[in-house]
């Protein structure tokens, strides 16, 4: 192990632990911080590996530029606020060490030696299992579509078991959160069986990425709950039909509202997932936040996803439609007055000290969300009885608390002081909690109970939630999946959003859906012609087209 020093603020410095190698011995180069810098990227035309320069332009934006010897010069805005970009880097707490059992143990070139490889530094934080590429919509913005592909990809239940087992077999931390996706997973003929299988295999959270159409039927929602479904990642691009006509090709606003109501009745939770395109629906970002607050009893978060571009796009169109994570933060502040971009937003990876401390106190490895600090950013709102959201940063000294948590995690690794460490952890939280600035009804005890509910659904859901054991919270985040124009190999190496495939391998999101695009290779290998439809062509299920 080696130590690196970074400055999270002008007033202090902090030493982090940076591993030198992955579990299988591949060297780990620490994240480069500051601007300008160089990274490896891809040519948008030929997908060749080329060098890219990342720098701040004269408009305060972070720009990537690169030149392919054959196809010429390309540039793109990767973060619209350079100051915010630098802040995200300040709150990186070092890399993880990947997995002990990579499927590719002797990888040399990221992102092409994939599945998951010895170079990769993160394990699965959230894993996707595609049940089908069929859908009951034909969305213009979709990258996984049977009609466009010309074939049906629909694994049978044994293949689903293979994918789930590969995730559970990850070492030293097994996959614990799975999201069934597609296409539209709810039209998979064995949808409920797949959910039950995931629960039986020991996944703590089972989610689906869905357009919500099937959940407009209350009985369907109740059956999903009974099978073991935990949450819906609900496609929600806006609050009016004019948006859905452009993004999804159909009026869907009434269906979305019915879906929310039925999820509430069934006792499930929702995370809104808006795909945001500049000039199309970015003006409704604030409305989506307000909708979530209005439905806080069944909403747990919003994951804004700035659009990623597949295929070729003109320079003019790319610049006109590109929406970055910084744009998400600024739009929310400008449209709602909630969560100042520089004060209240942090990278997802800043939670690593919490998971390190939990691992040390429990004496066993836990999931570390050790993503690249530019992969995802967010803020956590505590929502009072008037449905007003207050960022956690307003009443918790987040930066100082994270630093102390990370230091404490190192000390807590020694068995003889674990009891002492639990007391210290309580004291650290207490010291940095300011009840006079907290929202109404949030005492320190209630804050601790809420943290417990986040880590253990037995306290965060059901009877405990109904009895007020926890305080209402809303995660508001942005995650920008890459395309060929903004591709950064350093981000790929640290990806925590993975896909399991029927070949038994696990792929980072941004190699499965972009870059090498392993999705196309995997789906073609395990697909049937479009006209056969169904699970492996055996069930006779046709293509459902809106």
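All of the numbers you see were taken from the coordinates with simple rules; none came from a lab. All figures in this text were calculated on a predicted structure; none of them were measured in a lab. Every residue, glycine as well, gets a Cβ built from its backbone with ideal geometry; the counts of neighbours run over all protein chains shown.
Protection proxy ranking for 444-455, 492-503, 235-246, 266-277, using the average of other Cβ atoms within 10 Å per residue and placing the highest first: 492-503, 266-277, 235-246, 444-455.
Set the Förster distance to 45 Å, then compute FRET efficiency between residue 340 and residue 20 from the Cβ-Cβ distance, nearest 0.05.
Numbers: r = 37 Å, r/R0 = 0.83.
Taking R0 as 45 Å, the efficiency between residue 340 and residue 20 is 0.75.
In this label model, residue 312 and residue 59 are separated by 2.5 nm, measuring between points 7 Å along each Cα→Cβ vector. Quick one: plug the Kirkwood hydrodynamic radius of the range 93-247 (C-alpha pairs) into Stokes-Einstein at 4 °C, 1.567 mPa s, and report D in µm²/s. Estimated via Stokes-Einstein, D reaches 76 µm²/s. Its residue count N fixes a reference of 2.2 N^0.38 Å for the chain, and the Cα radius of gyration divided by that reference is 0.93.
With a Förster radius of 30 Å applied to the beta-carbon distance between residue 225 and residue 440, the computed FRET efficiency rounds to 0.45. Each residue in 476, 383 was given a count of other beta-carbon atoms within 10 angstrom of its own, and listing them fewest first yields 383, 476.
Beta-bridge orientation, the chain: approximately 60 percent antiparallel, per DSSP, counting only bridges with both partners inside. Each eigenvalue of the Cα gyration tensor of the range 227-300, multiplied by 5 and square-rooted, gives one semi-axis; in descending order these are 22, 13, 10 Å.
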